[in-house]
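The values are calculated or read from the model by the stated rules, or taken from the named source; none is laboratory data. Keep in mind that this is a model prediction, so the values were computed, not measured. We place every Cβ from the backbone using ideal geometry, glycine too, and count neighbours over all the protein chains shown.
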Ligand code: GLU
């Protein structure tokens with residue numbers, strides 16, 4: 001039975017690179033009909049755990065990554081919080097002391113520091129002299145008589161190698177001569193991460209430890225702990241870094257933001273902020289950044305697009321397939337096809353996945369997914385009145401592939417939901433297209449033409465406009481932009497005849513009248 005785990009510390013946010021690691025664990029478990037467990041590494045937690053964990057759990061739920069055991073769902077190996085398992089770790093530390101794999105160490109920080117400095121001066125790797133080690137009651141009594149306090153350290157091997165086979169890295173060897181006696185328990189009795197992690201992986205019957213590459217160097221000491229406690233050692237798989245775009249450096253918020261400032265990404269960069277402003281959300285710098293999953297939920301990405309993009313950060317089905325459904329990922333995922341090279345997180349590429357997934361999304365689902373954005377923006381009541389559904393469907397149809405993320409709907413649909421007298425104008429477009437008396441005269445004339453249109457639909461409106469252009473002997477550009485601004489307030493948007501149709505005849509005429517009055521007023525001053 002395959003059992004994998006993801007072990008986040010409650011940091012208050014879900015990092016996109018963490019999701020990649022969790023996804024590989026989740027897929028591996030699903031692929032083998034096993035279980036995926038969430039374990040909470042909260043031993044060093046200063047803040048409120050529940051509060052700091054909530055966004056992480058929320059992120060997983062939003063992405064559709066369910067966990068079989070862990071917070072909220074429980075399971076047969078409770079508790080899943082390290083902070084609640086201290087006694088078990090203490091018992092393991094005692095076992096290591098009893099078997100001679102660990103010792104009490106009475107060195108002071110100053111003494112250790114002096115040893116470290118001496119090693120540095122001689123340019124040799126620092127290895128603790130074990131001068132203040134106590135393995136017997138007498139030795140302990142001697143140091144304690146001096147008023148010293150102790151920690152518990154592992155008595156690590158000093159020669160030979162630790163060799164293991166990693167599912168991604170292959171055969172790996174670490175020399176014991178470069179390892180240091182690790183502290184596993186502090187003076188106050190609390191235990192440290194490595195011990196806790198190994199004990200938990202064993203107690204939770206984890207078969208595969210699939211985690212980020214930065215933990216590779218932790219593995220020898222963890223294997224030493226596991227073997228010393230008589231545990232079966234899980235299979236390790238260390239995934240390549242999720243790197244910054246175009247580099248091998250680990251993905252960081254600061255660098256990614258810099259990358260997003262590049263002109264190509266201007267829209268992407270500003271996107272979240274525009275949406276956030278519109279829905280009146282006070283975004284904290286913590287959550288409002290593209291390294292954190294909240295950003296994608298806020299702007300309205302599709303979870304399936306995100307997961308599809310993330311699965312390719314270090315894994316591939318073959319050399320060409322890019323689009324994979326969750327089912328296809330589960331059916332095909334294997335650790336053998338995970339690469340060693342760092343995988344670059346490219347927002348532009350993720351954006352392209354989102355675009356493709358959005359185009360494929362059935363209209364009904366798109367409508368349902370867009371509605372909450374309009375509600376958050378205060379454009380539609382919650383619950384939505386029944387006429388909103390068909391209207392929104394029409395708008396989304398008219399937007400076509402302009403809608404890249406759900407949040408886009410706010411920019412494209414705002415004017416369909418506001419009252420005529422509250423519609424806002426894009427000032428630049430207004431001045432450009434309605435600044436001259438000729439433009440206003442044409443708009444006035446066209447308003448009269450519209451007023452007598454009987455069948456208010458796209459083909460009729462289209463024909464009306466073209467007939468008007470022909471009889472006035474003007475270019476279509478001389479009237480079409482003015483009509484768009486007058487009826488939507490914007491210089492760009494979905495097809496104009498769709499817009500007119502959706503706004504409706506009465507509102508179109510009222511909006512044109514309002515625009516003409518406003519323009520006349522402006523021209524007079
Ligand atoms: N809490 C650890 C981390 O977030 C987990 C490490 C592990 O997977 O063993 O890095």
* Asked: Would you call residue 20 within 11 Å of the ligand (Cβ to nearest atom) and either in contact with a helix residue (DSSP H, G or I) (Cβ under 9 Å, 6 or more places away or on another chain) or assigned to a helix (DSSP H, G or I) (or both)?
  -> no
* Scanning for something over 21 Å from residue 224 (Cβ atoms) and assigned to a helix (DSSP H, G or I), does the stretch 92-108 turn up at least one residue? -> no
* Tell me which residues, restricted to the stretch 332-380, are surrounded by fewer than 17 Cβ atoms within 10 Å (Cβ to Cβ), over 21 Å from the mean Cα position of the chain (by Cα) and not in a loop (DSSP other than H, G, I, E, B). => 336, 337, 359, 360, 363, 364, 365, 368, 375
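Sort out which residues of the stretch 217-261 are part of a helix (DSSP H, G or I) and either modelled with pLDDT under 95 or under 22 Å from the mean Cα position of the chain (by Cα) (or both), and write them in order of number. Let's see the steps before the verdict.
So the first thing to find is which residues in the stretch 217-261 are part of a helix (DSSP H, G or I), and the list is 217-228, 253-261.
Matches in the stretch 217-261: 253, 254, 255, 256, 257, 258, 259, 260, 261.
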* To do: Could you check, for the stretch 170-187, whether at least one of its residues is within 16 Å of the ligand (Cβ to nearest atom), on the phi < 0 side of the Ramachandran plot and either within 29 Å of the chain's Cα centre (by Cα) or outside any strand (DSSP E or B) (or both)?
  => yes
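Taking the options 450, 461, name whichever one is more than 28 Å from residue 408 (Cα to Cα) and touching a residue at least 12 places away in the same chain (Cβ under 8 Å).
Numbers: 461 fails: more than 28 Å from residue 408 (Cα to Cα).
From the options 450, 461, the qualifying one is 450.
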* Asked: Can you tell me which residues in the stretch 192-209 are under 26 Å from residue 159 (Cα atoms), more than 10 Å from the ligand (Cβ to nearest atom) and surrounded by 21 or more Cβ atoms within 10 Å (Cβ to Cβ)?
  -> 195, 199
* Which residues, taken from the stretch 1-17, are surrounded by fewer than 24 Cβ atoms within 10 Å (Cβ to Cβ) and part of a helix (DSSP H, G or I)? -> 17
* Asked: Looking only at residues in the stretch 42-66 that are within 27 Å of residue 330 (Cα to Cα) and outside any helix (DSSP H, G or I), which one is nearest to the ligand (Cβ to nearest atom)?
  -> 65
* To do: For the stretch 9-28, enumerate the residues that are at pLDDT 90 or above and over 16 Å from residue 310 (Cβ atoms).
  => 9, 10
